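One structure below.
The values are calculated or read from the model by the stated rules, or taken from the named source; none is laboratory data. Keep in mind it's a predicted model, so treat the numbers as computed, not measured. Don't worry about glycine lacking a Cβ; one is built from the backbone with ideal geometry, like all the others, and counts go over all protein chains shown.
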Amino acid sequence: MSGPPPAATLDGGVAPASVAEQGRICALATRGLRDLQDVAARHPGLFSAATFDPALLSSVATAIAFTAPWYPAARLRLTTRVLLWVFAADWAIDTRAGTAEEVRRTVADCLAVADGAPPPRGAELAHLLAEIRDELTTAPAWAAQRTVWREELDRMFQAVAREWDWKSLPTDPVTGRPPLDLDGYLDNADNLACSFVNVTHWISVGDPDCLDHLPELRSVGRDVQRVLRLVNDLATHRRDLEWGDLNALLLVAEPAEVTTRLTELAARCRERIAALADRSPRQAEYLHRQIAYTSGFYQLSDFWGAA
């Protein structure tokens with residue numbers, strides 16, 4: 001027998017179209033996973049920690065495949081790689097960095113790469129970013145959008161470094177909470193790097209409905225990022241306590257404050273995505289799927305493996 005079998009069940013019934021589509025997307029994720037395995041093998045220093053287990057690589061590839069399933073694997077390769085790079089950046093700064101000077105050096109190396117410099121010897125995070133940058137420069141949209149990409153990278157690093165500083169602040173002796181409120185925490189949601197991944201994706205795929213509406217997409221995507229920040233925090237509260245990470249639930253007197261804010265932000269996102277759909281339907285669906293996929297994923301699992 002040559003070629004794949006028809007989309008039918010063994011008893012002769014036709015498989016539901018939705019299941020066949022899910023199978024196709026899972027195959028798309030498999031293609032992405034194999035590429036990420038190659039990336040991790042080339043950069044063992046970045047991905048040697050136990051947290052970067054095979055399940056994390058698979059989860060990254062699957063997240064991108066289900067968020068933008070209308071693209072072939074080759075066009076999703078850079079988006080998938082940059083999401084894995086974000087996890088490496090988070091681990092390098094949030095967990096491995098022991099001093100503020102280490103954080104500043106890592107940030108400076110990566111921003112220099114974004115400006116076109118070669119990565120310093122031994123700076124593995126910057127080396128992988130340089131690979132991503134070099135591939136992104138081949139995109140037709142790069143010349144016009146490189147400053148946008150650099151801006152989003154800078155915003156991500158500023159937010160990550162800011163949270164690194166926040167974790168060293170003394171807690172309130174009365175409440176036991178950090179001296180930070182939920183509004184300030186959400187204003188720093190660029191540390192999630194969703195906006196940076198999105199801009200990399202939109203520049204890379206280069207569709208007119210991405211580029212013609214990029215300012216609005218970035219704005220709506222930043223609201224989506226706040227929703228994802230809270231979805232993540234509600235699901236990973238216990239792990240964040242164990243790892244000493246900040247979490248929205250640590251900043252409020254009652255957990256209901258976080259769920260109420262999440263409900264409000266999600267409603268705002270639905271309105272803004274619906275308004276965007278008339279002008280950029282595919283990218284509106286992309287943002288909608290980000291929320292839907294992440295919400296479903298965190299019901300049962302987490303990206304990180306055991307430390």
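A compact table of results
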quantity: Region 160-186, subset farther than 25 Å from Ala88 by Cα and among the acidic types (Asp, Glu), residue nearest to the chain's Cα centre (by Cα); calculated: Asp183
quantity: Failed criterion for Trp70 (all others in (1) surrounded by fewer than 20 Cβ atoms within 10 Å (Cβ to Cβ); (2) of a type in the set (Phe, Trp, Tyr); (3) in a helix (DSSP H, G or I) hold); calculated: (3)
quantity: Flag if Ala189 is more than 30 Å from Glu257 (Cβ to Cβ), within 21 Å of the chain's Cα centre (by Cα) and hydrophobic (A, V, I, L, M, F, W, C); calculated: no
quantity: Check on Leu234, touching a Leu at 6+ places or on another chain (Cβ under 6 Å) and surrounded by 12 or more Cβ atoms within 10 Å (Cβ to Cβ); calculated: no
quantity: Sole residue being out of contact with any Asp or Glu (no Cβ under 6 Å at 6 or more places or on another chain), β-branched (Val, Ile, Thr) and in a loop (DSSP other than H, G, I, E, B), chosen from Val231, Val252; calculated: Val252
quantity: Candidate set: region 106-137, residues that are assigned to a loop (DSSP other than H, G, I, E, B) and among the small types (Gly, Ala, Ser); chosen: the one farthest from Gly45 (Cα to Cα); calculated: Gly116
quantity: Residues of region 255-265 satisfying the condition of being exposed (fewer than 14 other Cβ atoms within 10 Å of the Cβ), in a helix (DSSP H, G or I) and not hydroxyl-bearing (Ser, Thr, Tyr); calculated: Ala256, Glu264
quantity: Of the criteria (1) within 16 Å of the chain's Cα centre (by Cα); (2) surrounded by 18 or more Cβ atoms within 10 Å (Cβ to Cβ); (3) of a type in the set (Lys, Arg), which one Arg133 fails; calculated: (1)
quantity: First in region 144-160 and at pLDDT 95 or above, second anywhere and crowded, with 18+ Cβ neighbours inside 10 Å and of a type in the set (Phe, Trp, Tyr), Cβ under 7 Å, 6 or more apart; calculated: Glu152/Phe196; Leu153/Phe196; Met156/Phe196
quantity: Residue among Leu265, Leu276 that alone is hydrophobic (A, V, I, L, M, F, W, C), within 21 Å of Asn188 (Cα to Cα) and touching a residue at least 40 places away in the same chain (Cβ under 8 Å); calculated: Leu265
quantity: Residue that is at pLDDT below 95 and closer than 26 Å to Tyr286 by Cβ, where the choices are Asp94, Asp38, Asp90; calculated: Asp90
quantity: Complete set of residues in region 266-296 that are touching a Phe, Trp or Tyr at 6+ places or on another chain (Cβ under 8 Å) and surrounded by fewer than 20 Cβ atoms within 10 Å (Cβ to Cβ); calculated: Arg282, Arg289, Tyr293
quantity: Region 4-34, subset modelled with pLDDT of 60 or more and either in contact with a strand residue (DSSP E or B) (Cβ under 6 Å, 6 or more places away or on another chain) or of a type in the set (Gly, Ala, Ser) (or both), residue surrounded by the most Cβ atoms within 10 Å (Cβ to Cβ); calculated: Gly32
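Yes/no per residue for (1) outside any helix (DSSP H, G or I); (2) closer than 14 Å to Ala126 by Cα:
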position	(1), (2)
Leu46	yes, yes
Thr51	yes, no
Ser58	no, no
Leu78	no, no
Phe87	no, yes
Arg104	no, yes
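One line per residue, one yes/no per condition, for (1) within 21 Å of Arg222 (Cβ to Cβ); (2) surrounded by 14 or more Cβ atoms within 10 Å (Cβ to Cβ); (3) of a type in the set (Gly, Ala, Ser):
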| position | (1), (2), (3) |
| --- | --- |
| Glu102 | no, yes, no |
| Ala114 | yes, yes, yes |
| Ala126 | no, yes, yes |
| Trp142 | no, yes, no |
| Gln145 | yes, yes, no |
| Val148 | yes, yes, no |
| Val160 | yes, yes, no |
